[in-house]
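Report on the following structure.
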Amino acid sequence: MDRTERLLDLVALLLDAHEPVSWAELKESFPEDYGSGSDEATERKFERDKAELLELGIPLTYYLPEPGFTPEEMAVLYAAGSAALASGAFPGRHDLQHALRKIGFFAGGELATPRVRMELGAVRETAAVPEFLEVLWAAASARKWVEIAYHSPKRPEPSSRKVDPYGLVLRRGVWSLVGFCHLRQGLRTFHVHRIRALKMNTSKPRTHDFEVPADFAIDAHVPHAPWQWRIEPPVEVRLELEGPLVAQAGAHFPDARIERVGDRLRVTLTVTLLDALLKHVLALWPQARVVSPDSARERFRNLAQAVASRHGGKA
């Protein structure tokens, strides 16, 4: 069906409806346009049609089913959203504020906003980070390329990069952008606080500049833990956990190979920043210890002795 004809038929269908029209009904009414092909392709086509109707001044209202959260789940979700807003740097802030107001309404009473302030630790946030996050969020959602001036500690001057933004992720207080770098012709990770200037491609706003590969996984490019930062050659480290840590192994070491040995757990990790792992294990002592390799055991003993010496004890 011709696009203009489809838009006119879509408007006529919505005007004639006496109740909300479901996605299933739309696919049934427009089988050639919304009912054939992959779900992703048909949804993208419908999103483009909706955007054009909105630009033409036709008001549309969206309805979603009730999420069915328990009061406890609502409280946790509200607390997490409030903490994100309190950080001062979170993409989609207006959408998040709107969502929190809805949660408060459906909770049937006022939910207190926790007084939480998220810090960036060793990373100093620039004043432009919240603004950059909003632009990157919009660019990733619309699949439009961005041009950034990126500062690397290895270079005195920022370099200009054209990037297809695949996604944003927050790890330990640091926002990272993962996308296809046209300069390097490959996937790269950029820390948002190192971006000095940012511009999104605004031409043809309803047309995607790129497609995110089906096998793209952002976790493969931004590590969960400091010991996964690619700074040193990889080394395999084996730990042993006991006591309460047996039930918490997955939370402390989400990407490890874990096997039970009697009442203990053996945890094997590939590490690219050894000291970061050893400091974490030291905080879990005595229910966690380093088993191998010997170089890691020796380094762990030295760290423990240094801590004990500062407090007048013996490791």
Sites Gln185 and Glu236 - FRET efficiency at Förster radius 35 Å, r taken between beta-carbons, to 0.05: 0.65
What aspartates and glutamates sit close enough to Lys279 to cross-link, taking a C-alpha to C-alpha distance under 14 Å and skipping anything fewer than 8 places away on the same chain? Glu298
With each pseudo-label sitting 7 Å past Cα toward Cβ, what's the Ala128-Val307 distance in nm, one decimal? 4.0 nm
Applied in sequence order to the stretch 21-27, the curve 6.51 cos²θ - 1.76 cosθ + 1.60 (Karplus, θ = phi - 60°) yields integer Hz couplings, x standing for Gly and Pro, of 9, 7, 4, 5, 5, 5, 5
Report the accessible area of Glu40, computed with a 1.4 Å probe over the heavy atoms of all protein chains in place, in Å² rounded to the nearest 10. 100 Å²
List the residues, sorted by chain then number, that are 5 or more residues from Trp175 or on another chain and whose placed amide H is less than 5 Å from its amide H. Val192, His193
Amide H contacts under 5 Å for Leu187, restricted to residues at least 5 apart in sequence or on another chain and with H modeled in the peptide plane, are Cys181
Could you pull out every residue, at least 5 positions away or on a different chain, whose amide H is within less than 5 Å of the one on Tyr166? Hs are placed 1.01 Å off N in the peptide plane, and Pro or chain starts have none. Val178, Gly179, Phe180
Suppose only helical runs count, i.e. DSSP H with n ≥ 4. What mean residue ellipticity at 222 nm does that imply for the chain under -39500 (n - 2.57) per run, divided by all residues and rounded to the nearest 500 deg cm²/dmol? -12000 deg cm²/dmol
For peptides 220-232, 10-22, sequence by mean Cβ density within 10 Å, most packed first: 220-232, 10-22
For the stretch 182-191, in residue order, the Karplus 3J(HN,Hα) values (coefficients 6.51, -1.76, 1.60; θ = phi - 60°; whole Hz; Gly and Pro = x) are 5, 5, 8, 6, x, 6, 9, 10, 10, 7
Please list 3J(HN,Hα) in residue order for the stretch 154-166, calculated via the Karplus relation 6.51 cos²θ - 1.76 cosθ + 1.60 where θ = phi - 60°; whole Hz, with x for glycine and proline. 7, 10, x, 10, x, 9, 8, 10, 9, 10, 8, x, 7
With a cut-off of 8 Å between alpha carbons and a minimum separation of six or more residues, what is the relative contact order of the chain in percent? 10 percent
Going by accessible area, probe 1.4 Å, with all protein chains left in place, what is the ranking of Tyr34, Tyr166, largest first? Tyr166, Tyr34
Once R0 is set to 35 Å, what does the formula 1/(1 + (r/R0)^6) return for the Cβ-Cβ distance between His18 and Asp95, expressed as a FRET efficiency to the nearest 0.05? 0.75
Looking only at the stretch 271-306, which residues have a backbone nitrogen under 17 Å from a spot 7 Å from the Cα of Gln248 in the C-beta direction? 277-290
Okay, which of the stretch 184-205 sit inside 11 Å, backbone N to the point 7 Å along the Cα-Cβ direction of Glu147? 198-202
Sorted peptide list for 56-63, 45-52, criterion being average Cβ within 10 angstrom, highest first: 45-52, 56-63
I'd like to verify something in the chain: which complete DSSP H helices, judged by Cα projection on the helix axis, reach 18 Å or more and average at least 1.0 on the Kyte-Doolittle scale? 129-142
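The values are calculated or read from the model by the stated rules, or taken from the named source; none is laboratory data. Here the structure is a predicted model, which means the values were calculated and not measured. Because the Cβ atoms are built from the backbone with ideal geometry, glycine has one as well, and the counts that use them run over all protein chains shown. All accessible areas refer to the heavy atoms of the entire protein, side chains included, with ligands and DNA or RNA removed. Shrake-Rupley method; radii C 1.70, N 1.55, O 1.52, S 1.80 Å.
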